[in-house]
Amino acid sequence: MSSLSNTIQAVFNEPGCAKNQNKSEAEKKKGCTKQLQPGGAAGGCAFDGAKIALQPFTDVAHLVHGPIACEGNSWDNRGAKSSGSNIWRTGFTTDINETDVVFGGEKRLFKSIKEIIEKYDPPAIFVYQTCVPAMIGDDIDAVCKAAKEKFGKPVIPINSPGFVGPKNLGNKLAGEAILEHVIGTEEPEYTTPYDINIIGEYNLSGELWQVKPLLDELGIRILACISGDGKYKDVASSHRAKAAMMVCSKAMINVARKMEERYDIPFFEGSFYGIEDSSDSLREIARMLIEKGADPELMDRTEAIIAREEKKAWDAIAKFKPRFKGKKVLLITGGVKSWSVVAALQEAGLELVGTSVKKSTKEDKERIKELMGQDAHMIDDMTPREMYKMLKDAKADIMLSGGRSQFIALKANMPWLDINQERHHAYMGYVGMVKLVEEIDKALYNPIWEQVRKPAPWEDPAKSWQAKAIADMEAEAAALAADPVAAEKARRAKKICNCKSVDLGTIEDAIAAHGLTTVDGVREHTHASGGCGACAVRIEDIFEAVAAMPAGAVDAIVDPVAAEAARRAKKVCNCMSVDVGTIEDAIRAQGLTSVAEVKTHTKASGGCGNCAERVDDILSSVNGGSAPDALVAAE
């Protein structure tokens, strides 16, 4: 695990990461250090992220070393497409059992590699490490090395067990694996001044194929796509490309930067979503290739193709603009799509009432402001109830999101369109823009909506569950509006870090009390951002909000009432969700003197039992007649 820990630290120190670029030199040296906390991350795990990043390599056998559930949960969970081999859609797993846990699973892994080579003969095998074999000490690097020497095939270890961190970390660990073991290991049959790599593109629903014909017409060759419709030999020889386009920087920035550093391949971040973004990306590809030695007339041919394709696209969507007049869209996605799809929707004449930025970087947010204005409604973490109310109040006419949010739109009897990886339509390039507009039009004007919005003959609309839900939300909003103290309490109670259950008030208090200026400082004092790390951007936003407060306002945050409320609300037992106040009240009311008695009356320490020491500290402080000066929060 030491080499894995070193790799993770290197990933956290990634100079190409925008977050690191904004740090001081001292902070850069510290990197994004944080403990590896098994089970501490909410959302997809590192193994899942690695599998997502590499699964679209279509001619490679992807072997998961672990229990069968790991392969079952990660298999075919993206709508990527292949122009050739389909072995990537075959699920391979060592399916380790209790015996392997006791005696080790390395022999089973070697036999599995041998069987795949004998039956399928792929050009390479990717072996994914998962939690159980990592914890029992299976050395997949040694097994892969032995198999490669024995069978004469590249067998690539992907060291990204789930417990090391979140999905995004897994994306980057997958990139590190191909940088170390794949890229630069073979030579292309020939090279041209027009060879490019496309990095962080997964060919969802065949999107890459909507752009490739334009590049082919220009004589630009995609030497390798990492990883959509990728072929092992192409990626192995991708170090001979002249330029690269980065599509999803959050996932693969380390690959693009290290290829520039090692092989002098310049890259830029671009998008093929929308008409103008597609044109800008084609121009940038041409410009970079010309700088690397391509004929300058490439730019003239690029502009000619752009003019032709833009005209065709604008002509195709012109008939939809009158139908879209006044129509409003709620976009719930993240990352690069939080701004790239915004541009496409605006080009179609639709109005954006909000776009999700839950997985977006600061640069993504700046691009959104450029497109939607400085007052853009950027939704950090909208609850299902808030989404429902926005749709039901007709503040949006359609929601574009991933599959997990579709039921909110359907409950509100509002159109919904899948914009994430599970979709069945490709929306990239000029042709994709037209397809996106067509699908939105179909969803908006589907006659089913008129029917489902009609109440059933036996139903009283005023007494429906929908009406009750809206009434409850309105009553709650009215109560908060009438009670500033309750409104402030609700604001402070908003969860910022779901992994560690840390709210806004706790973070504000820590910033004010300790003069914190970095996410690392907040993590040290509150544990926020100690799990998946996705809340780091939200914490930075809190810093900005606190900095914008008038003089004296920061000190006002820490008042005795609020401080005491925050102290009592601090979680002691995460398993049973029991806070300090509940335990203290039970001790005083019942005269409790032992952890066992506290467990009986509050259920604290009734799960994993790790909080028993913290409960004992509270017993000592309450029975001793003083509150604890510093209580360690539940880990």
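The table that follows gives values for the structure above.
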{"quantity": "Residues being more than 21 Å from the chain's Cα centre (by Cα) and of a type in the set (Val, Ile, Thr) - total across the range 174-231", "calculated": "9"}
{"quantity": "Condition met for residue 295 (of a type outside the set (Phe, Trp, Tyr) and at pLDDT 95 or above)", "calculated": "yes"}
{"quantity": "Matching residues, the range 258-291, being within 20 Å of residue 184 (Cβ to Cβ) and in a strand (DSSP E or B)", "calculated": "267"}
{"quantity": "Failed condition for residue 362, given (1) surrounded by 18 or more Cβ atoms within 10 Å (Cβ to Cβ); (2) modelled with pLDDT under 90; (3) out of contact with any Leu (no Cβ under 9 Å at 6 or more places or on another chain); (4) not hydrophobic (A, V, I, L, M, F, W, C)", "calculated": "(1)"}
{"quantity": "Residues of the range 507-529 that turn out to be without any contact (Cβ under 8 Å) to a residue 60 or more places away in the chain and either of a type in the set (Phe, Trp, Tyr) or in a helix (DSSP H, G or I) (or both), as a count", "calculated": "13"}
{"quantity": "Which numbered condition residue 111 misses (of (1) surrounded by fewer than 24 Cβ atoms within 10 Å (Cβ to Cβ); (2) within 25 Å of residue 224 (Cβ to Cβ))", "calculated": "(2)"}
{"quantity": "Among residues of the range 267-310, those that are more than 17 Å from residue 427 (Cα to Cα) and either of a type in the set (Ser, Thr, Tyr) or open to solvent by 30 Å² or more (accessible area, probe 1.4 Å) (or both), counted", "calculated": "20"}
{"quantity": "Enumerated helices (runs of 4 or more DSSP H) restricted to the range 399-501, each holding at least 1 residues that are surrounded by 17 or more Cβ atoms within 10 Å (Cβ to Cβ), among the hydroxyl-bearing types (Ser, Thr, Tyr) and touching a residue at least 24 places away in the same chain (Cβ under 8 Å)", "calculated": "429-444"}
{"quantity": "Some residue of the range 65-85 being of a type in the set (Val, Ile, Thr) and buried (at least 18 other Cβ atoms within 10 Å of the Cβ)", "calculated": "no"}
{"quantity": "Single residue of the range 570-595 satisfying the filter (over 16 Å from residue 613 (Cα atoms) and charged (D, E, K, R)) that is most open to solvent (accessible area, probe 1.4 Å)", "calculated": "588"}
{"quantity": "Selection from the range 211-230 of residues that are open to solvent by 40 Å² or more (accessible area, probe 1.4 Å) and under 22 Å from residue 419 (Cβ atoms)", "calculated": "212"}
{"quantity": "Failed condition for residue 344, given (1) open to solvent by less than 10 Å² (accessible area, probe 1.4 Å); (2) more than 12 Å from residue 430 (Cα to Cα); (3) in contact (Cβ under 8 Å) with a residue 40 or more places away in the chain; (4) part of a helix (DSSP H, G or I)", "calculated": "(2)"}
{"quantity": "Selection count, the range 49-98, where residues are over 22 Å from residue 200 (Cβ atoms), of a type in the set (Val, Ile, Thr) and touching a helix residue (DSSP H, G or I) at 6+ places or on another chain (Cβ under 9 Å)", "calculated": "6"}
{"quantity": "Meets criteria (farther than 30 Å from residue 297 by Cβ and of a type in the set (Ser, Thr, Tyr)) for residue 191", "calculated": "no"}
{"quantity": "Residue under evaluation residue 610, criteria (1) part of a loop (DSSP other than H, G, I, E, B); (2) at pLDDT below 70, criterion not met", "calculated": "(2)"}
{"quantity": "Test: residue in the range 46-61 that is surrounded by 15 or more Cβ atoms within 10 Å (Cβ to Cβ), in a loop (DSSP other than H, G, I, E, B), at pLDDT 65 or above and hydrophobic (A, V, I, L, M, F, W, C)", "calculated": "yes"}
{"quantity": "Residues of the range 205-235 classified as among the hydrophobic types (A, V, I, L, M, F, W, C) and farther than 21 Å from residue 280 by Cβ, total", "calculated": "4"}
{"quantity": "Helices (runs of 4 or more DSSP H) wholly inside the range 147-257 that include at least 1 residues being among the basic types (Lys, Arg) and in contact (Cβ under 8 Å) with a residue 12 or more places away in the chain", "calculated": "167-181, 232-236"}
{"quantity": "Number of positions in the range 96-120 that are outside any helix (DSSP H, G or I) and out of contact with any strand residue (DSSP E or B) (no Cβ under 9 Å at 6 or more places or on another chain)", "calculated": "2"}
{"quantity": "Those residues of the range 387-398 which are open to solvent by 40 Å² or more (accessible area, probe 1.4 Å) and under 12 Å from residue 470 (Cα atoms), in sequence order", "calculated": "389, 392, 393"}
{"quantity": "Failed condition for residue 442, given (1) of a type in the set (Lys, Arg); (2) closer than 30 Å to residue 275 by Cα; (3) in contact with a strand residue (DSSP E or B) (Cβ under 8 Å, 6 or more places away or on another chain)", "calculated": "(3)"}
{"quantity": "Test: residue in the range 154-168 that is of a type in the set (A, V, I, L, M), open to solvent by 20 Å² or more (accessible area, probe 1.4 Å) and modelled with pLDDT of 95 or more", "calculated": "no"}
{"quantity": "From 105, 91, residue being in contact with an Asp or Glu (Cβ under 6 Å, 6 or more places away or on another chain) and surrounded by fewer than 19 Cβ atoms within 10 Å (Cβ to Cβ)", "calculated": "91"}
{"quantity": "Meets criteria (touching an Asp or Glu at 6+ places or on another chain (Cβ under 6 Å), open to solvent by 30 Å² or more (accessible area, probe 1.4 Å) and among the acidic types (Asp, Glu)) for residue 149", "calculated": "no"}
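Rundown of residues vs (1) at pLDDT 85 or above; (2) under 25 Å from the mean Cα position of the chain (by Cα), yes/no style:
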position: 420; (1), (2): no, yes
position: 430; (1), (2): yes, no
position: 447; (1), (2): yes, no
position: 451; (1), (2): yes, no
position: 461; (1), (2): no, no
position: 466; (1), (2): no, no
position: 470; (1), (2): no, no
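The values are calculated or read from the model by the stated rules, or taken from the named source; none is laboratory data. Quantities reported herein were computed from a predicted structural model and do not represent experimental measurements. All Cβ positions, glycine included, derive from the backbone under ideal geometry; neighbour counts span all protein chains shown. SASA here: full protein model, heavy atoms, side chains in, ligands and nucleic acids out. Shrake-Rupley method; radii C 1.70, N 1.55, O 1.52, S 1.80 Å.
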